[in-house]
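The structure appears right after this line, and notes come after that.
The values are calculated or read from the model by the stated rules, or taken from the named source; none is laboratory data. Bear in mind that the values here come from a model prediction, so they are computed numbers and not experimental data. Cβ: placed from backbone, ideal geometry, glycine included. Neighbour counts: every protein chain shown.
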Amino acid sequence: MKALYYDKGLRYLEDYPKPSPKAGESLVKIIISAICNTDKEILKGYRPDFKGILGHEFVGLVVESDEPSLIGRRVVGEINENCGHCIYCKTGRPTHCENRRVLGISGKNGTFAEYITMRNELLHIVPEDLPSEVAVFTEPLAAALEILEQVHIKPSTKVSIVGDGRLAYMIGQAVSLTGADLTIIGKQEEKLSLFKPFAKVTTKLDDTYEVVIDASGSPTGLLTAQKIVRKKGIIVIKSTYAGEIQIDMSDFVVNEVTIKGSRCGPFKPALQLLKLGLINFPPIELYELEDYEKAFSSRGFKVGFKF
Ligand SMILES: [Zn+2]
Ligand SMILES: [Zn+2]
């Protein structure tokens with residue numbers, strides 16, 4: 001099968017062996033798979049130990065399964081394959097499983113390929129009337145919704161998001177549904193204009209906020225958040241990147257600031273919001289897998305591969 005294989009660099013292969021499902025797994029034919037910032041960070045060295053097929057955002061068709069209700073259905077899938085018996089699995093934190101394999105990121109081949117295998121319980125059926133081009137946003141939207149699982153953003157909370165890219169856009173849409181006073185802090189006026197239908201936008205750091213969400217995808221995002229978070233406020237960190245920052249932590253101590261890391265979120269509510277049409281995105285830009293260089297260098301809002 002066709003696949004984009006990562007081993008320090010990316011290689012396009014046409015003869016990668018097609019996987020075969022084990023008991024409790026389905027064979028999924030990929031329909032669309034989208035490029036995420038995490039994929040780009042892996043190319044920059046974020047996961048030096050990972051070797052395999054990249055990609056974790058997808059919509060596919062179940063072609064083989066020992067779960068009859070899944071056969072022939074379009075699905076999206078959760079990216080963390082957990083072990084079921086470690087302390088985190090046993091205490092309701094399966095996405096933090098110590099032995100987890102993460103689709104296209106750690107220990108498991110990803111979705112920039114014609115086929116993947118996945119455990120049945122990690123698959124979610126896509127509603128009939130939801131196009132694959134929209135359903136492919138489920139995983140990143142779920143990750144955005146995780147913030148609302150972790151932090152109580154009330155309609156009266158003053159919130160800002162640092163970042164004007166895709167991740168910020170996804171989170172902005174989700175947070176805007178709470179009715180909160182939301183400001184997007186970015187660098188480029190042109191990118192910020194996209195946010196104007198649902199949030200205030202600014203390039204300045206001249207205000208303070210109860211909750212600041214770092215979705216900049218860059219090491220400087222936390223430094224920016226530190227400048228604008230209110231005393232006793234909350235910083236949610238969504239950015240993952242290759243590299244480190246230097247930061248004066250005593251500021252957080254003195255001002256009693258809460259810092260929350262935030263990663264993967266719930267799929268069912270994400271599918272529900274997409275189905276209801278409450279979250280909207282610019283259309284995904286699709287490429288053939290062999291044109292991966294063009295796809296990775298595109299500046300489109302969301303870029304992916306069609307199979
Ligand atoms: Zn992703
Ligand atoms: Zn576990």
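Odds and ends about this structure:
- Hey, Ile32 within 16 Å of ligand 1 (Cβ to nearest atom) and in a strand (DSSP E or B) or not: yes
- The residues of region 257-307 that are in contact (Cβ under 8 Å) with a residue 40 or more places away in the chain, in a loop (DSSP other than H, G, I, E, B) and either over 30 Å from Asp15 (Cβ atoms) or in contact with a Cys (Cβ under 8 Å, 6 or more places away or on another chain) (or both), listed by number, are Ser262, Arg263, Cys264, Gly265, Pro266, Leu278, Ile279, Asn280, Phe281, Pro282, Pro283, Phe301.
- Some residue of region 4-14 being more than 16 Å from ligand 2 (Cβ to nearest atom), within 18 Å of the chain's Cα centre (by Cα) and acidic (Asp, Glu): no
- One residue stands out in region 144-167 among those that are assigned to a loop (DSSP other than H, G, I, E, B) and within 16 Å of ligand 1 (Cβ to nearest atom): the one that is nearest to Lys275 (Cα to Cα), namely Gly165.
- Residues of region 86-128 satisfying the condition of being crowded, with 20+ Cβ neighbours inside 10 Å, over 18 Å from the mean Cα position of the chain (by Cα) and aromatic (Phe, Trp, Tyr): Tyr115
- Tabulated pairs, region 94-117, first within 12 Å of Ile53 (Cβ to Cβ), second near ligand 2 (Cβ under 10 Å from one of its atoms), C-beta under 7 angstrom, 6+ apart or interchain: Lys108/Glu81
- Any hit, region 181-191, residues being in the same structural domain as Asn37 (by TED's automatic domain parsing) and farther than 30 Å from Lys22 by Cβ: no
- Flag for Leu13 being without any contact (Cβ under 8 Å) to a residue 12 or more places away in the chain, of a type in the set (A, V, I, L, M, F, W, C) and either closer than 26 Å to Ile125 by Cβ or more than 16 Å from ligand 1 (Cβ to nearest atom) (or both): yes
- Selection from region 218-256 of residues that are buried (at least 18 other Cβ atoms within 10 Å of the Cβ) and outside any loop (DSSP other than H, G, I, E, B): Gly221, Leu222, Thr224, Ala225, Gln226, Ile228, Val229, Gly233, Ile234, Ile235, Val236, Ile237
- Filtered residues of region 126-143 (kept if in a loop (DSSP other than H, G, I, E, B) and farther than 13 Å from Ala174 by Cα): Val126, Pro127, Glu128, Asp129, Leu130, Pro131, Val136
- Some residue of region 47-56 being in a strand (DSSP E or B), in contact (Cβ under 8 Å) with a residue 12 or more places away in the chain and either among the hydroxyl-bearing types (Ser, Thr, Tyr) or not assigned by TED's automatic domain parsing to the domain that holds Tyr292 (or both): no
- Failed condition for Pro131, given (1) closer than 17 Å to Lys268 by Cα; (2) surrounded by 17 or more Cβ atoms within 10 Å (Cβ to Cβ); (3) of a type outside the set (Val, Ile, Thr): (2)
- Among the residues of region 188-224, those that are among the charged types (D, E, K, R) and at pLDDT 95 or above comprise Lys196, Lys200, Lys204, Asp206, Asp207, Glu210, Asp214.
- Positions within region 55-81 being touching a His at 6+ places or on another chain (Cβ under 9 Å) and within 16 Å of ligand 2 (Cβ to nearest atom), in sequence order: Glu78, Ile79, Asn80
- Scanning region 251-286 for residues that are polar (S, T, N, Q) and at pLDDT 95 or above yields Asn255, Thr258, Ser262, Gln272.
- Within region 90-107, the residues that satisfy the criterion of being outside any loop (DSSP other than H, G, I, E, B) and within 14 Å of ligand 2 (Cβ to nearest atom) are Lys90, Pro94, Thr95, His96, Arg101, Val102, Ser106, Gly107.
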